[in-house]
Each structure stands twice: as C-alpha cells, then as structure tokens.
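> Take this structure, written in structure tokens, and hold onto it; I'll ask about it next.
The values are calculated or read from the model by the stated rules, or taken from the named source; none is laboratory data. These numbers were taken from a predicted model, which means no experiment stands behind them. Quick reminder, even Gly has a Cβ in these numbers, built from the backbone with ideal geometry, and neighbours come from all protein chains shown. Heavy atoms of the whole protein, side chains included, go into the accessibility calculation; ligands, DNA and RNA do not. Shrake-Rupley method; radii C 1.70, N 1.55, O 1.52, S 1.80 Å.
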4 protein chains.
Amino acid sequence: MIIILKKGAPKTEVDELCRGIEAQNIIINEVRGEHTTILGLIGDTHKIDMEAIQAQEIVESVQRVQEPYKGVNRKFHPEDTVISVGNTKIGDGNVAVIAGPCSIETEEQIVDTCMKVKEAGANLLRGGAFKPRTSPYSFQGLGGEGLKLFLKAKKATGLPIVTELMSLAHLDLFADVDVIQVGARNMQNFEMLKELGKCNKPILLKRGLSSTIEELLMSAEYIFAGGNTNVILCERGIRTFETQTRNTLDISAVPVIKSLSHLPVVIDPSHATGKYELVEPMSMAAVAAGADGLIIEVHNNPQKALCDGAQSLTPKHFSACVKKCSSIASVMGKTVGTQQ
Amino acid sequence: MIIILKKGAPKTEVDELCRGIEAQNIIINEVRGEHTTILGLIGDTHKIDMEAIQAQEIVESVQRVQEPYKGVNRKFHPEDTVISVGNTKIGDGNVAVIAGPCSIETEEQIVDTCMKVKEAGANLLRGGAFKPRTSPYSFQGLGGEGLKLFLKAKKATGLPIVTELMSLAHLDLFADVDVIQVGARNMQNFEMLKELGKCNKPILLKRGLSSTIEELLMSAEYIFAGGNTNVILCERGIRTFETQTRNTLDISAVPVIKSLSHLPVVIDPSHATGKYELVEPMSMAAVAAGADGLIIEVHNNPQKALCDGAQSLTPKHFSACVKKCSSIASVMGKTVGTQQ
Amino acid sequence: MIIILKKGAPKTEVDELCRGIEAQNIIINEVRGEHTTILGLIGDTHKIDMEAIQAQEIVESVQRVQEPYKGVNRKFHPEDTVISVGNTKIGDGNVAVIAGPCSIETEEQIVDTCMKVKEAGANLLRGGAFKPRTSPYSFQGLGGEGLKLFLKAKKATGLPIVTELMSLAHLDLFADVDVIQVGARNMQNFEMLKELGKCNKPILLKRGLSSTIEELLMSAEYIFAGGNTNVILCERGIRTFETQTRNTLDISAVPVIKSLSHLPVVIDPSHATGKYELVEPMSMAAVAAGADGLIIEVHNNPQKALCDGAQSLTPKHFSACVKKCSSIASVMGKTVGTQQ
Amino acid sequence: MIIILKKGAPKTEVDELCRGIEAQNIIINEVRGEHTTILGLIGDTHKIDMEAIQAQEIVESVQRVQEPYKGVNRKFHPEDTVISVGNTKIGDGNVAVIAGPCSIETEEQIVDTCMKVKEAGANLLRGGAFKPRTSPYSFQGLGGEGLKLFLKAKKATGLPIVTELMSLAHLDLFADVDVIQVGARNMQNFEMLKELGKCNKPILLKRGLSSTIEELLMSAEYIFAGGNTNVILCERGIRTFETQTRNTLDISAVPVIKSLSHLPVVIDPSHATGKYELVEPMSMAAVAAGADGLIIEVHNNPQKALCDGAQSLTPKHFSACVKKCSSIASVMGKTVGTQQ
C-alpha cells in the first residue's frame, strides 16, 4: 500500500499516522520528493482500512499495491481449485454443463426438461424455485413446493442440482440441494455470504450486474473467511449502456479472474444476453476463452415458460449447442460435460 | 403495451396469442402494415408478462406504453405523499435533514455526534449498526449492541432514528427504530421488500448502484404491494466509468422521480461522492433540484472514524452546510430541517 | 413507428400532427384506449424525425418499430457482404488477420514486424502513422513520414495495409493505403464519414467507446449514404465501470451485428483489453463467436514500443495465437488468414 | 509515479529500467519489501509514458501520483481563470447565460429567438449551423448559410455568439464567431484541438459522452499546449445505463473540476437531459453547485424546431428559469447573466 501525503503535512501528524500503521506490524518506507512525500507500506496490508487512512487530513491519496483478498488469491494458492459435484468436475480440463429451466413450474415440465438436458449432455441441473423478479406482479416461483419437484428431477436423472437461495430463512429447505446459487442481486448480501461460509456445500456465486471483478472476489473471500472454500464464480453479464442485449457478457472476465484467483469460472450466456439466439455463439466463445463451465437455460416448451422464455433454448437446440462447444473444447484438449 | 409481430406470422398462431391476452381482460387492436403488424393492447396491462410474450416465436418485439408500477405511480395518485416521522415532515415544503455517523462506534461518539447534528439543524438521526462492507476484514458494525447505543442518542436528543436493516433475522431488534433503511445492495432483495411491506414503519429505500429509476420504483411497488405505503426514495449515486467520485450522483433523478411518482425523494451526497469536500455543493444542488431531504454523514472526529471517514463532515462543517442549504431553500419557498 | 398521445390531447392538434405525417407518405392507424391513444405509423418511417414528433406537446412518447438504418440493414440485403482486399476475403468463411504494430517507429521496426506477422499468417498489415493519444505529451506518430515507411513494408511483404485517418486534411496521403481506418474517437466525426462515403476504398469503422451498436450502424449508414458500401465494422471494447481491462470487449456484438446487418465484423482484442496476455483467449473467443476478422497488435520488441507496448504480442506469441484461432475456426468449417 | 515490480525481477533489468527513467531527470527511490519492490519516481513525471513502462516484463503495475496535465492544473495556477467575451465575464462571481436554438433554421427564427433570449437575460447566443446528427437522414444544419444568419442575430442583439465547429475545413468561416464550440463527439479529435490551440478565440470544450474528467482536462491541455489558454469546460451529461434522461448530468463534475483546474465550468442541462421540463431544476442545481455558466436551448416555437425541440424551452419558460437561477445565485453572492 502506498500513501501519498499532502504537501506541507506537519511532521508530528505524519509521525502519529506512521506509529498507528506500524502498530499493525507494517514497515514504512518514506520517499520524499520536492512536491510529494510517499509512504510505502511493506507487510500484510490486506487488513488495513484504506478508507480510514484516506480520511486523514494530511493524506492526499492511498493506493493499493497488493490485492485486498487473500484466500481466493492465486498468488497464495497457485494451483487451480477443482470443484467436484456428484460425478462431475468443474475445472481440471472439464467444462461442466449446468442446464435446466429458469423456473420450476410443474412436475412434468421439470422432470421432462431435466431428462432431456441429461440426454443432451448436461451434468448438473439448474432450476429456480425462489425467483427474483423486478416486478411484484411477475411469477415468483413455486418456493418450497418447487424444490420438492426439483428433487424428483434429481432422482429421475441421477444428476446433482443447483438452485438459488433468496433468503437465509429458506436455508433449511436446501438440505438435498447439491450446489447453492447466490444470485447477482445478492452478491453483496454479506449476511448471506457469512452464513454460507459456514456450510459445506459448493456455492455458485454470480457476479452482480455492476460489480467489479475485485468485488466479486471480495464476496468470495467472505465465504472463504467463514471456512467454505468450495466456491464457483459465475459471470452473467454486466450492466452497460448497450440495449441490444439484456446485459453485456464480459467474456474477458474468464482469463482475468483465472489470472487473479484459483477458483473455477462458469459463464451464463442466457441471462447475460436475454436472447436464445445468442446463447450458442456466446457458449462457444466462453469455452474458447477458457471457461470451466456453462449454465444454460433450457425449457421443454419455451413459448409456455412462466419466466425468461425469450432466452431459453429448446432441448434440441441445446443438444446442438453442447456438440459445438465440445468441438471447440476438443481442440483445446478439454472435454465438455464429461462424467467421471 | 404494443406487440410487433414478425413478418409472415401464421394467422393461427397470432389468433392463439390474442386469445391468451384477451383472457386477461385486455382489448387488442391490430394495425397491419406492409412490412409490419402491430398489436395495440388496451386495458390494465401492468400485470402482463412482457417476457412471456417476447418468448413467442411470432413476436419480434414488445414495448410498454404504460409504466409497470401502479401504487407508486403519480398518474393514479397525483398528490405528493408526505411522510411524517416524529415532529418532522419529509416533503410538503420541508427538506428533512438526516445526519449522523456512518457507523455507531461508542456511546460517547454516537451521543456526542447526534447532539451536535441536532444543534446544527438535523431533524432525524442516521447511524449504522449493521454495516455492509466490501471486505470481510473491514469493521462490520457493532450490531445489536450498536442499536442500543443509538437508542441512547435517540433519547438524549429526542430525535427519531434511521438505520439500515441487513437481514430479516435482525428485524426484531428494530422495534424502536423510526425509519428502516434498505441499503443500495439490498434494493432488489425481494424477500426483504416483501417482509417490509407488512410492517408499518417508514422505509428509506436506497437506489441500487446500477438500478434504473424504473427498477427503484418497482422495488417500492413491492413494499406497496405488501400494504406499506410509507416509502421514502433515496438517490445515492450510480456506478459509471468516472473515478473522481465514488459514484456519480444523479441529481436529475429528483425531478424525474417526482414526475413519475408521488413519493418523497432524498439525496445522499456523502455516499454518492465519497469525498467530504463535495458534500456541501451537492447538498445545495440537491435542494435546488427539489429534493425533499438530505442524508449526510457527520462524525465528531472524522479522522478517527472506523468507516467512511473520508466522506464525513465535522459538526462545524455540517452546520455551515445546513445554513447554506436553508438559504437555497428559502428562495424556493421551502424550509430545511424544520420541526413542526 | 408508434406515437403515444397524452391523455386528453385536443382533436384539432392530433389532426394537425397526423396531416403532417401523412404528407410524408405514411399511413396512420389510430388505436384508442381508455387511458391511452396510440398512433401506429405504417410505411417508410426511417426518415421521420422522432425528436420533432417528441417535441409536440400532445405527444407522450415515440417508439421505433423499424430500424432507423436502411443500406446496412440485413432485412433489405439478406446476403453477407464480403469485402476483398488484395488476395484476402473478409467474410465468406475466412477470418482475416490484420496485424502489426500500434505505431510505425522506424523502417527496421515496421518492415521487420510486418515480415514476421506475414510469416505467422497475417494477411493484412496494420500500423499507425497518425496516432490519437490522450496526452499532448505522448508520442503522436510519425505522420506522413510514417506512411512512407509503412509503404515500404507493404512492398516488402506484398500485403495490403490498414491505417487510421485522423483528419481529412491528410486524405491525399492515403492514396496507396488499401483500407482506411476510422478510429473509435472519430466514429461520429460525421464530416469525415460523409467524405469517406465518396471514396472507393474499404473503410474499417471502429465502434466508439460508448457507442451503441445502433449508433455504429448509423455511422456506417453515413458512409453508405455517400455511395461507398465497402464497410468493415470493428468492435474494440466499450467503456464500463470495470478497471481490470482497459475496456470491456463486447463479443456478443458479433452475432448481434450479424443479425442486424450484412456487413463483416472484426474484433480488436488488443485495444479492448489493453493487456497482451488477454489477446489470445479473446481472439479465440471472437472466432468462436463468428467474427470475420481479427486485428492484433504485434511488435518486434514490445518493451521498446513507443505506444501501447503493454498490449502488443511478440511475433512468436502472435504465431501461436493464429494457430490456436485456426484450430477453433476449423471445427466451424472456416479458415483463418487464408489468401485466395 | 510509482512502479511496482514483479517478484523476482532480475537486477540487471531493473537497473536498465532505472537508468532509462533517470535519463529523463527523474530521481528514483526504491522501497524493497518481502513480496514487493516499489520504485518511487520523484520529479516532473507528467511527460513519462506510463504505458511504455507498463509494457516492461518486470513491471507488475504503474500508478500515477501526480496529475498528467500541467497547464490546466490548479496546483500550478491557483487563481480562477476568468474568460471575458464581449461585455460578459464567465466566472469571477458571474454565471454566464448562453442561450439560443439548437439549429439555425431561418432568419426570422434565429433573430427572433435571440432577441427574446437577450430580453430574458442571456448574455451570449448559441445556435448550430453545422449539426452533428446520428442519422444521415436528419437535418444537418444550414452550414455556412446558417452562420450568416447567426451573424445577423449577433448584429441585432449586440451579443457575442457561440457555435460548433465540426471540421477544420470550415474554420475560415468562423472569423466573426466569438466562441468556438468543440462538441462532445469531437472532444478527442486531437487534430482539431491542436489547430484550435493556435487560434486566439475562447474555446468551449464539451465533455465527451463517455469521457472521464481527467480526459476532458487532457483535451484542454492539448489546446493549452498549442498556446491558447482561453478554454471554457462544459459538462453536458455522460452516458450511463439510465434511460429516463438522454444522458446523466454529472453535476458533481463542477466542484471536482474546479478543485483540479482553474478553468471555468458551464453546464448544458438541455443536451444532458433531453427533456425541456428538466432544464429548469437542473439549471438551478448547477448554479447551486457552483457552475460559472449555463448553456440552454431556447426556440421561439419548439414544436416546429427542426432539431431537439423536445429539450428546448420557450422564451417565456427560459425567462422564468433565469429568474429562478438568479435567486439561487444571489444567496451565494453571485450574479446570473450580468453584463459589465
């Protein structure tokens, strides 16, 4: 960390600031120029509160040199983290395929869709029981009843399931859920992150619509800080000025995150684009960019979907998409949707 | 609502779509051009699911004509909603001043700061007991203990208090809190909004960092839908590419929201800018733009603040700021910080 | 186009508005609801001025149904436009590779770099003689002298060259340039676009940092309107809040543009990311998403580059990148960098 | 400037880097920690090319400590720059009012509108002869003919005129123009900025839609570098995700720019919001935030305007707006639209 002092900062105040920092086991090097004095802080600075230092009157600005996260930082854990769910690995050369409908609607719909996505190559199932909707008048999901239907699909297919937690009050219902999803809107629901740090299930943590990659990693760090290191990161589009797509899929987040962190990264082309016809090219691009997984919305009858039908693939289209992604993966020495 | 059909959409499918819509008590007018057919929907369309219609293969696009919110819509409630808290009105010609520290730290700090902001003209107190922090290593607030200290400041000053709820699990602790704040990161925590719809306290709902004004109003609509119509909206800066300020304060949101909705709007210049020296000019600008209130961070010793010291005013600077805002308000025929 | 009228709009004013529109050979259908009256305009509306209509007091809002561009619109020209430069096709199953240094610095540097990129598979050369730099103190390019050096590289390699035009005053110097590049900062330099519409060279039009896809297509429409239909569109990153990359590469722009327009689309991963280590994965992603070309910065000694060295590949790394992109292309039935 | 080296950077390469920097009269201080080595550069670093340093393999990152601009920097020129045009001062306690139509359409329209805005308190006239329009099918302005009509309005009112330059090829026509406007789309048309640096007229430099404040100041630095120090900065809205306003007016840019630079700042509420009903509250907010001027679109018949009628005030509404702004200014000890 580097502190730039204001010109003419009184020596006594500078000394007081330095003593406070040194008390946290940090060594300070002072670089004194004609117009500027710089303090270079050496040591484990990731717990130092930048804002508290910025608040000092003698301080012009503070800049980090080291990343503010530690547990998720690749520098301290160079090997890729590989998450295993059921028979599937996320990472380690396998691009996991998570598929299923946006919302769980009926037993027929969820079981049929899941059977079909399994056949087409999916190795984890997705489906929403509790749905975050912008409007209170939109379908809000079947809730606990939906989870029960989803468990039937899990049983019918033998595949593990991923579903979103919208409130800690529902956590008890998630006992048989294999991967808990934290939605984009809850990426900085810190009370939820703390609680999930205490559970032992893999967490699929989605990037917030306007969250930086660093903030995503800090939210993962919350889960790590609680003791749970099974975190899968998910890029699902960020909010920009462009209106042709629902959000702008930031595919460069894949190599960027993988350089900063050891955690696996999956891409959600369905929510990112909001348009079914963009799911296939964006899935292929994600695999080519090095993603460890895809999470794709599939509905056995998109035109009748109660939620997000416009971005859902049919099982047939999904099957074609998986095949094309497999071709891309194969030239990279990877597999798509493989079971161990 | 307007539906634009794809060229060559088969008549039987168009008929099926129309029958489905008409079943919801909507009248459809068809406008048929050479290249385009448009369906104009007349009636109460705010509960119609645009996405479900968009998912139909025969549909090229869907556009709203009416706003998707009803309870908070000025069209259906032309008079300003005025919220009274204690002896203070928010709206109706009074610019309410909510002030206090970012975090509650000690009894001395919170009581002293609150006494001073009262003296300087504040008529509601703010202070954080549960703090949303990007890093798990930053000070997280004193929690329930902090709330107890805040109640001492309430007693000492006789002023009502505003504080943030971060989890429904804490709601029981908020019995003596006068206004419950929903933070920017929880603006779309729909489970929380639903629950707050059932309580009878005023809710200060902060706009999310990347939320549109329409989304803010939809979140307020969630609270309305539950039965609670005491909602105060708060603009606190949106995320943009500019880095000189923490966020970009969208002051035009004040007149825009007031044209769309009858709810009062307050401005938070402290969080929006992140810099104490910008709080005064932005407060004055907010009053000039027609804001119904200000929420300002004040700390009796900003340099020792455990949180956000860089954006906190001293009591002395705050007092000067209130005076200047009062001058602006007076030329507009309004008052600042008046008690009834 | 759809016009939504304000409630209670006087009939005489509505009639006047309608007569003005009908005078432009547009047929109007009126849809009258309880709260809303909608005018549906049928005909060739792309020349109607939405803003002029929006300015009418009786108008609540105006919405487009058809795209505001015609020449570049795929609806009116369903087949892909393929641009041939020298022996290379951009489109039609070939992913063109444009490579070279950010700036032309010396004869040795430009000729050596160009020979090496040719060897590695490039089929067009890029190089900047006139450089847009944020700071007046940064290297501004060699200007006309640089163009002469670039022509030596053209001669030495036999490959066509692409370079940026920064001012119409320089146009005379571009006689032997094969493709004229319009930089992101000049995407809406309409006087330049009009003039380039009159020339018969292919134009590489880069998307502005904060330009929507529709605005990019409108700028291409300016060139078409002048009579030049040889336009190649280039996505090079848009400005967002994320700071890990210089800009955010919007790869979804590839399939989006290709659905809206018949023009070829190339991707510039170097400027989009600003980091050489991201160029390869983003190039592969671009090919997988269906791009018709790549434009990549290569320098024979990036550490000595006068400009943008941080994002330049070495010739060796570039060669590896082209090979990987070829593998991706081959599974899609396409080629990379092929000469006819 | 601070350079953070990669761990394990070879000493010989570090030495070579340091020698290169020291050759530019910079003193280097090395701060060596366990994980990190920092080089602190002391001296006049604003001409050092950060990107060239970033391109070195041994460098992890580079951070600026000093601003990259000098001429426009308040640190080197603490007093406010006040620009005088005709009898009007922009700055020094006077809020200049620049008003007139978006486009010059007819002699009657421009002269009548200008007479009326003068009467209402404007002290400079605005009007567009060359118009930047997104669509080639929209009205492009009357060009040189329009300038002639504008000079008639100048003569009739005795007020100085401001108008936009869209191409250096038109510069000869601007001999009698008092202030040359550089539009948002040309803020980084560096060839234009260089040329305007050589002229002796005041330049009104508008911030680009997605330009940072630092980039705006760097563009002003281009004009300064050419020798012209008569620069007025203009904030006119930045592009964000919000769609209720055309752009988001960044009013905090006023105090931010004034702290960084000595140049005057004016606000354009008309283009920023795109809606006439928002012009008055945003003008008042701008004055309250400390702006040195306002530039407002007024049309004698907005409903017949050929351009941007939706954001134009009538002369009557403009007159009321100026009065309200004057009231705001008066409580700040300032005047609005005063002539010397």
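> Which value, in Å², gives the accessible area per residue of the protein assembly as shown when a 1.4 Å probe is used on the protein heavy atoms?
Ligands and nucleic acids excluded, the result is 34 Å² per residue.
> Only bridges whose two residues both fall in chain D count here: according to DSSP, what percent of them are antiparallel, nearest 5?
40 percent
> From largest to smallest, what semi-axes in whole angstrom does the protein assembly as shown give when each is the square root of 5 times an eigenvalue of its alpha carbon gyration tensor?
The equivalent ellipsoid of the protein assembly as shown has semi-axes of 40, 40, 38 Å.
> Hey, which of these cross-link pairs are over 20 Å Cα-Cα: A:LYS258/C:LYS316; A:LYS75/A:LYS201; A:LYS118/A:LYS316; C:LYS316/D:LYS11; B:LYS6/B:LYS70; D:LYS116/D:LYS316?
A:LYS258/C:LYS316; A:LYS75/A:LYS201; C:LYS316/D:LYS11; B:LYS6/B:LYS70
> Same structure, new question: Using a Debye calculation, one point per C-alpha and no hydration shell, please list log10 I(q)/I(0) for segment C:116-203 at q = 0.18, 0.26 Å⁻¹ in order.
Debye intensities relative to I(0), on a log10 scale: -0.82, -1.38.
> Buried accessible area between C and B (1.4 Å probe, both chains summed, ligands and nucleic acids excluded), in Å² to the nearest 100?
1700 Å²
> Placing unit charges on C-beta atoms (Lys and Arg positive, Asp and Glu negative, everything else neutral), compute the dipole magnitude of chain C about its Cα centre in debye, rounded to 20.
It comes to approximately 900 debye.
> How tilted is helix D:144-157 with respect to the longest principal axis of chain D? Cα atoms for both, answer in degrees (0 to 90, nearest 10).
The helix D:144-157 is inclined about 70 degrees to chain D.
> Using helices alone, what [θ] at 222 nm do you get for the protein assembly as shown, with -39,500 (n - 2.57) per DSSP H run of 4 or more residues, divided over all residues and rounded to the nearest 500?
Rounded to the nearest 500, it is -9500 deg cm²/dmol.
> So in the protein assembly as shown, what percent of DSSP beta bridges are antiparallel if you round to the nearest 5?
Counting only bridges with both partners in the protein assembly as shown, antiparallel ones make up about 40 percent.
> Run the accessible area of chain B with a 1.4 Å probe and give the carbon-and-sulfur part as a rounded percent.
Looking at chain B in its full context, I get 49 percent from C and S.
> Let me ask another. Distance between Cα centroids, segment A:215-232 to segment B:230-293: provide it in whole Å.
Using only Cα atoms, the two centres lie 32 Å from each other.
> What percent does the relative contact order of segment A:1-155 come to when contacts are Cα pairs within less than 8 Å and at least six residues apart?
Relative contact order of segment A:1-155: 17 percent.
> Now a separate question. Take the alpha carbon gyration tensor of segment C:1-101, find the square roots of its eigenvalues, order them as a ≥ b ≥ c, and report rounded if a/c is under 1.5; if not, report prolate when a/b exceeds b/c, else oblate.
prolate
> Helix B:279-288 sits at what angle to the longest principal axis of chain B, using alpha carbons and giving 0 to 90 degrees rounded to 10?
On a 0 to 90 degree scale, this one is about 50.
> Same structure again: Given axes a ≥ b ≥ c from the Cα gyration tensor, I'd like to know whether segment B:248-291 is rounded (a/c under 1.5), prolate (a/b larger than b/c) or oblate.
The shape class here is prolate.
> Does any residue of segment D:299-322 lose at least 30 Å² of accessible area with all protein chains in place compared with its chain alone, and if so which ones (probe 1.4 Å)?
Buried on complex formation: D:GLN303, D:ALA310.
> Right, here's the next one. With a 10 Å cut-off between alpha carbons and a GNM built on chain D, which of D:ALA329, D:ALA320, D:ALA129 moves the most?
The residue with the greatest mean-square fluctuation here is D:ALA320.
> Measure nothing but the geometry: give the 0 to 90° angle between the long axis through the Cα atoms of B:315-331 and the longest principal axis through the Cα atoms of chain B, rounded to 10°.
The two axes meet at around 50 degrees.
> Build a GNM of chain D with springs between Cα atoms under 10 Å: which of D:VAL256, D:VAL177, D:VAL72 gets the top mean-square fluctuation?
Evaluated over chain D, the most mobile residue of the options is D:VAL256.
> How are the Cα pair distances of chain D distributed, in percent, across 10 Å bins from 0?
6, 24, 30, 19, 10, 8, 3, 0
> Counting only other chains, what is the mean number of Cβ atoms within 10 angstrom of the Cβ of each residue in peptide C:263-276?
Counting Cβ atoms of other protein chains within 10 Å of each residue's Cβ and averaging gives 1.
> Rank B:GLY128, B:GLY197, B:GLY43 by mean-square fluctuation in a GNM of chain B with C-alpha springs under 10 angstrom and give only the top-ranked residue.
Largest GNM mean-square fluctuation: B:GLY43.
> I need the P(r) histogram for segment D:173-231: all alpha carbon pairs, bin width 5 Å from 0 out to the longest distance, whole percents.
All Cα pairs considered, the percentages come to 4, 22, 33, 26, 12, 3, 1.
> Work out the length of the dipole vector of the protein assembly as shown about its Cα centre, built from +1 on the beta-carbon of each Lys and Arg and -1 on the beta-carbon of each Asp and Glu, and round it to the nearest 20 debye.
Roughly 0 debye for the protein assembly as shown.
> Positive end of the dipole of segment D:83-149, charges at C-beta (+1 Lys, Arg; -1 Asp, Glu), about the Cα centre: which of D:SER135, D:CYS102, D:THR113 has its Cα farthest in that direction?
Ranked along the dipole, the leading option is D:SER135.
> State the answer as a single residue: which of A:PHE241, A:ALA55, A:GLY309 lies farthest towards the positive end of the charge dipole of chain A, with beta carbon charges of +1 for Lys and Arg and -1 for Asp and Glu, about the Cα centre.
A:GLY309
> Could you give the nm distance between label points at C:ALA175 and A:SER84, where each point is 7 Å from its Cα heading toward the beta carbon?
7.2 nm
> In terms of the Cα gyration tensor, with a ≥ b ≥ c the square roots of its eigenvalues, is segment B:41-148 rounded because a/c is under 1.5, prolate because a/b exceeds b/c, or oblate?
The shape class here is oblate.
> Another question, then. Which whole number gives the average count of other chain Cβ atoms within 10 Å of the Cβ atoms across peptide B:40-51?
Mean partner shielding for this stretch: 5.
> Which percentage, to the nearest 5, of the DSSP beta bridges contained in segment A:74-228 is antiparallel?
25 percent
> Further question on the same structure: Over segment C:213-299, one equal point on each Cα, no solvent: what is log10 I(q)/I(0) by the Debye formula at q = 0.11, 0.25 Å⁻¹?
Values returned for q = 0.11, 0.25 Å⁻¹ are -0.31, -1.22.
> Right, next: Of the listed pairs C:LYS155/C:LYS334; A:LYS131/A:LYS304; A:LYS89/A:LYS155; B:LYS206/B:LYS275, which have alpha-carbon separations greater than 23 Å here?
Those over the limit are C:LYS155/C:LYS334.
> Next question, about the same structure. With the contact rule set at Cα under 8 Å and sequence spacing of 6 or more, what percent relative contact order holds for segment B:279-340?
32 percent
> Same structure again: Let me check against my output: what whole-number percent is the relative contact order of chain D, with C-alpha pairs under 8 Å and at least 6 apart?
Reported as a whole number, the value is 18 percent.
> Same structure again: Given the C-alpha centroids of segment A:45-104 and segment B:128-150, what is the distance between them in whole angstrom?
The two parts, judged by their Cα centres, are 23 Å apart.
> May I have the extent of the alpha carbons of segment B:47-89 along their three principal axes, as whole Å values ordered from largest to smallest?
Between the extreme Cα coordinates on each principal axis of segment B:47-89 lie 57, 18, 12 Å.
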